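Asker: This is the structure, below, for whatever I ask next.
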Amino acid sequence: MTGHENLLTETPYLIAQSGPLQGERWTLQRDRFLIGRGRECDIVVPDRQISRQHARISRTADGVQVEDLGSKNGTHVNGVRIEAPTALQDGDVVQVAFTLELVFVAHDATLPLEGPGFGRVGKKVQYRARMPRPTVVARCYSA
C-alpha cells in the first residue's frame with residue numbers, strides 16, 4: 001500500500017451530496033476543519049445563508065464531531081439542528097444552513113470510486129452559489 005492509499009483508508013472525509021458541489025470530497029487530515037463563507041475556511045461557501053465561520057469539524061480521541069459556531073441559520077446532523085458538539089457516525093448527513101449537504105464517511109468505511117463523476121480527493125473547492133431572483137408577492141386584505 002502506498003502512502004497515498006494509506007492516507008485515504010485512515011482518514012475520514014466529507015462528500016458533498018447535493019448542489020453544484022455534488023461529488024466533491026475533502027479529506028479530514030487535520031484536527032480541525034472549518035466550513036463557512038470566509039476565505040480562511042477549508043470549504044468556502046459564498047452564500048449569505050452561511051456564516052463567515054459557520055461550523056467546525058474536529059477530530060478527537062473519540063472520533064469526529066461537528067460543532068455549530070453560533071451561526072444564524074444553524075447546522076443540522078441527519079435533519080436535527082445541533083446545539084452542542086455532536087459526534088459523527090459513518091453515513092451521517094451534515095447540513096450547513098439550507099445550502100450545503102455533506103455526507104460523513106468514517107475512515108474504516110468502504111472508499112467510494114474516484115474518477116470522472118465520482119469526485120476528487122483533497123481538493124479545496126469554492127462553491128459559487130447561484131442566487132435566484134427574488135419573487136415579490138403582494139397580497140391585499142380588506143377588513
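The values are calculated or read from the model by the stated rules, or taken from the named source; none is laboratory data. These figures come from a predicted structure and were not determined experimentally. Cβ coordinates were reconstructed from backbone atoms using ideal geometry, including for glycine residues, and neighbour counts include every protein chain displayed. Only protein heavy atoms, including side chains, enter the accessible area calculation; ligands, DNA and RNA are left aside. Shrake-Rupley method; radii C 1.70, N 1.55, O 1.52, S 1.80 Å.
Asker: Given the conditions (1) at pLDDT 95 or above; (2) open to solvent by 50 Å² or more (accessible area, probe 1.4 Å), which single one is not true for I82?
Answerer: (2)
Asker: So how many residues does segment 22-49 have that are in a loop (DSSP other than H, G, I, E, B) and under 17 Å from V64 (Cα atoms)?
Answerer: 5
Asker: Here is a check on your reading of the model: is I57 farther than 15 Å from V103 by Cβ, hydrophobic (A, V, I, L, M, F, W, C) and modelled with pLDDT of 90 or more? Please lay out each step first, then the result.
Answerer: On the way: farther than 15 Å from V103 by Cβ: no; hydrophobic (A, V, I, L, M, F, W, C): yes; modelled with pLDDT of 90 or more: yes.
Criteria not met by I57.
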